[in-house]
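*Asks:* Take this structure first; my questions come after.
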Amino acid sequence: MEKRTLWQKCLLSITIVLLCCACSYAQMAHYRIGSKRNEIATVIKTLSDGSSIIGGYIYDIDPATQNPSNADMLLLHVAIDGTIKWQKQFGTNNNGTASGNDFVKDLIITKNGDIVVVGIVGRAGDPYTNNTAAIYRFDSAHGNLIAANFVRDSHTNAAGEVFNSVAELDNGNLVAVGAHDFTPSIVDCMLSVFTSSLGLVYTEQRSLCTGSDVFTSVVAHGNSVDILGYYQGATLYDIALLDYTPGTSSSTSVVNWIYNYDVSYPVTITSADGSKTVINLNSDWPLKVFLTTDNLVVSGVLNDSYTAGSAIHHFIMRTNKLGLSPQIRVINDAPASTTPALYSNTEAMFPLGDDDMFTAQVPGAAPYDPSITGSFPAGTMQPFVSRITSYNTETVGAKEAFHLPGNESILDMYAYRKLVFMAGNIADDPAGYGGNDIYFGQSDYSLKDSNSCRIDTTIVVDSTVTVANIQTVGNLVIPNGFHVDTFLNNAALIDTLMCGTKITKFPDSCCCMNCDMQCYWRTTGNNTITSSNFLGTTNSADLIVKTTNTERARFDQNGNTGINTSTPQAILDVNCAPTSWPSGLRFENLPAGAGNILVIDKSGYVYVSDVQAGTAGGTTTSGSSMQSQINDLKQQIAQLQQQLNAATGNGTANSGNSLSVSPNPTSGQFNAYYSIGKSFQTAAIRVSDNTGNIVLTTPVTNNNGVLLISIPPTIASTQLICTLYVDGTIVASQKVVLLNK
């Protein structure tokens, strides 16, 4: 095929060059991965062994437009020490025609360890015209292609589709989001649902407004997803965030909630004559959404136009998991001693938690989008990487400015086990074309302090979060027999370490970088434990124990231990739910002995009574008091037998006595039909719950009849016991099921 030939001609060798010339800091490494052509990394994910999966593309530069041309997707597996384990270049050839440009937009690692890649494959030379949305699945061991699928609307040949992001549901299905058609004012959000083998379940086109709207990112929770996007609002672009549950078709899918956010940020522009003008950056471009323990975190950029505008700044927005209580922070990405650059040309962010996150910006004097412009603009562009140790208090911890040769950008980052991994592009010669290569960086969490980042909260957010209007425009029409040929090339790559020391292991706070795994709490056991080691936390967080991803026990910050409860109220709090027989609490092989009886109050608290039972040898005390206790127990057993029969659903009666209830189940009122077969002094119908607490008592004066029983509305849905008492003795009982409205 045409592209395979082009690759074979142009790829001489791809080398990795460590860019730091005098690297004295052993836990920071910067690599260059490139060839005679141009390459860019757009996304990175890190595996548990410290190796990284990097996605991007390899391309030429059109001399007339300086845009990418003949672009193919790239997928690399790079070890923690910088060694390339495998590398794949793949592209498309649509029905025998020219294949155009193919770009990787996002990738994920699935639960079984496979790699799913989404992006666009071109049907024309322009990277944003006549595209087809593409999804691929690879195995991570060797990079072999498992499956591929494509979405293309057949309404018009001019239509363009793109997948910007993908997420995996608990059921194994995949949700890919993006946009359909790039003609102004008619761009609509698009999403597709695929099976794990990339069979298309359905594709739907959704509209957030009458103008343009795009889905940019998606993250899964269970079998639902949170989707990020932007739409053409009253003041340029605004942010949209929604929660979506896919169905078996678009008609059975559910939008659980959706909100709009309109952000405005003032920036002062200084003209050549010294005059100052304040502009509002109120065009919001959200790019990526993350799901943390308690929040949704959004990363994006602000400007004052539908395109580049007068300035671009990086923002981070945080909401709760329902999209409410939004908070905004803007990153001023230049040293405090200088005027902040007007253009944050590329941005990346990765949260370590709800309040702790890494950010990366590339300030510049002119706008730059590497996915559109294949070469860097004139001037120096250096990445600034910072760790925001507290989003709440706007505290910046470690910071680093990467002063590497030429121009660099960071397009994505991923943090794992005290290392942050970064990917983007780098060019040694800012004025030249064709020297663009993949940038791959690693650093520990203690970035060298260069005072490179400040956080600004001078920002205006709408006082209310508005509910957005969303409508299903309709399913895209996928033409019958539509197929995109995919070619996959392997390449033998050479990696070279030029200086410094490779990172070969994850760092750990207990020892140096070159320590072995004895510094970690190992799942196979530990034999180097000292009095200073412990299993637990050093902050105010609870220690949680789970099995099958379900919480079983919790040691909270107050010293209380809960079993089967996440809110322990005592030193040992055991929730034996469900309350059905047998009990959830069991003791075995207890020795016999003497002591005080333990009693339990209605709230479950245990106390020692002043009643003693037994002797040291395990024998019992004799006497009239013991016989009296036995007689009482016999009476209680008889009463318990009556209640047990009622609890199992069997109405009981004796000596001509009877009791029945209707309706059963009841929503709060029922008739109690009773009959008493002898004369009596006192009688009553009593309703109690399963724990013996009395709900109500109604006196009975006749030997037979019917009473209207009304359960107080404060009683929740439960199982009740209706009992007929005659002269203090239970003569009949019936189980009643209460189902409140």
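Derivation of every value follows stated rules applied to the coordinates shown; laboratory data play no part. Just so it is clear, the structure is predicted and the values come from calculations on it, not from any experiment. Methodologically, a virtual Cβ is constructed for each residue, glycine included, from the backbone with ideal geometry; neighbour enumeration extends over all protein chains shown.
*Asks:* So if each residue of separation counts as 0.36 nm, and I subtract the Cα-Cα distance between residue 81 and residue 538, what length gain in nm does that give? Before the final figure, lay out each step's value.
*Replies:* Details: separation 457, 0.36 × 457 = 164.52 nm, distance 3.12 nm.
Length difference between fully extended and current span is 161.4 nm.
*Asks:* Hey, which of these cross-link pairs are over 18 Å Cα-Cα: 634/678; 418/546; 45/105; 288/321?
*Replies:* Working: 634/678 24 Å; 418/546 24 Å; 45/105 13 Å; 288/321 15 Å.
Beyond 18 Å between Cα atoms: 634/678; 418/546.
*Asks:* Okay, next question. Give, as ranges by residue number, the residues of the stretch 662-683 whose backbone N falls under 19 Å from the point 7 Å along Cα→Cβ of residue 704.
*Replies:* Under 19 Å, as judged by backbone N against the label point of residue 704, lie 662, 671-681, 683 of the stretch 662-683.
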